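These notes concern the structure reproduced below.
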């Protein structure tokens, strides 16, 4: 005997879920500043409820908005990254939050405590790795210093390694954005030079936005075909201009001008190389 009432309820619930999902995905009619505030509130609620997957999704949508983010954006990103055991990203976000907001930040004390938690987890992970190496001296091929791709996919809620690496690289470039005056970082202010990476048809597309002296923003675009390009990407920091540089693997010219964090620059160069390698071997 077929339970028609049960079938109807299941179909109704499925339709309602689809409609709700569509409504959530299409909630983009708000102006960027209002959408930023809405997503920040949603992130705060998700974190309070310890719904880390939801919080990560809201933060990724915030990352893609072309609007000024409040300082709390970095705090919540740090919390979500820590819960996902993405320790380097968590530390970078929390340190940037402290730098931007200082003692007046709403979550100043909590952020300091979380940075300590990150350090404890890093030390524990290092001890486990040392113990494993002593007990099982097995050669494992891993990208040097990089997070496993499966973990990046889980962290950013995307479907492929290429997508995960792209989002991760954009986050690193944003966190270490270059500013003419490194001493003054206003809460939520955008860097003077920003980069946005996308991939299409076997090439990396790079958009640069640069503030001009008259306060305008000048956009430029270039494409980097990956086939035949070395995935070993060089970087260096230059004290004289308070900048770190990631070099173009095609001709060793300067490609990304970043802030003076060696750690973040090294990770950005490494992630850029992994992205190139991923596009070279899409299968």
Please work out which one of (1) farther than 30 Å from residue 106 by Cβ; (2) touching a strand residue (DSSP E or B) at 6+ places or on another chain (Cβ under 6 Å); (3) in contact (Cβ under 8 Å) with a residue 60 or more places away in the chain is the condition residue 199 fails and give its number.
(2)
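Every residue, every condition in (1) within 24 Å of residue 266 (Cα to Cα); (2) touching a residue at least 40 places away in the same chain (Cβ under 8 Å); (3) in the same structural domain as residue 34 (by TED's automatic domain parsing); (4) not in a helix (DSSP H, G or I), yes or no:
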site: 81; (1), (2), (3), (4): yes, yes, yes, no
site: 99; (1), (2), (3), (4): yes, yes, yes, no
site: 106; (1), (2), (3), (4): no, no, yes, yes
site: 109; (1), (2), (3), (4): no, no, yes, no
site: 124; (1), (2), (3), (4): yes, no, no, no
Checking residue 276 against (1) free of Cβ contacts under 8 Å to residues at least 40 places away in the same chain; (2) over 24 Å from residue 95 (Cα atoms); (3) buried (at least 17 other Cβ atoms within 10 Å of the Cβ), which single condition isn't satisfied?
(1)
Among the residues of segment 265-272, is there at least one that is part of a strand (DSSP E or B) and not assigned by TED's automatic domain parsing to the domain that holds residue 87?
no
Taking segment 154-175 and keeping residues over 17 Å from residue 87 (Cβ atoms) and either at pLDDT 90 or above or assigned to a helix (DSSP H, G or I) (or both) leaves 161, 162, 163, 165, 166, 167, 169, 170, 173, 174
Look at residue 89 and say whether it is part of a helix (DSSP H, G or I), modelled with pLDDT under 85 and closer than 23 Å to residue 194 by Cβ.
yes
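Suppose the filter is modelled with pLDDT under 90, closer than 24 Å to residue 148 by Cβ and surrounded by fewer than 12 Cβ atoms within 10 Å (Cβ to Cβ); does residue 240 pass it? Write out each step before concluding.
Values: modelled with pLDDT under 90: yes; closer than 24 Å to residue 148 by Cβ: no; surrounded by fewer than 12 Cβ atoms within 10 Å (Cβ to Cβ): yes.
Criteria not met by residue 240.
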Out of contact with any strand residue (DSSP E or B) (no Cβ under 8 Å at 6 or more places or on another chain) and at pLDDT 80 or above - does that describe any residue in segment 127-148?
no
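Is it the case that residue 33 is surrounded by 14 or more Cβ atoms within 10 Å (Cβ to Cβ) and at pLDDT 85 or above? Steps first, please.
Numbers: surrounded by 14 or more Cβ atoms within 10 Å (Cβ to Cβ): no; at pLDDT 85 or above: yes.
Judged against the criteria, residue 33 is not a match.
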Could you run through segment 243-265 and say how many residues are surrounded by fewer than 19 Cβ atoms within 10 Å (Cβ to Cβ) and touching a residue at least 40 places away in the same chain (Cβ under 8 Å)?
3
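The values are calculated or read from the model by the stated rules, or taken from the named source; none is laboratory data. As the structure is a prediction and not an experimental result, all values here were calculated from the model. Using ideal geometry, Cβ is built from the backbone for each residue, glycine included, and neighbour counts are taken over all protein chains shown.
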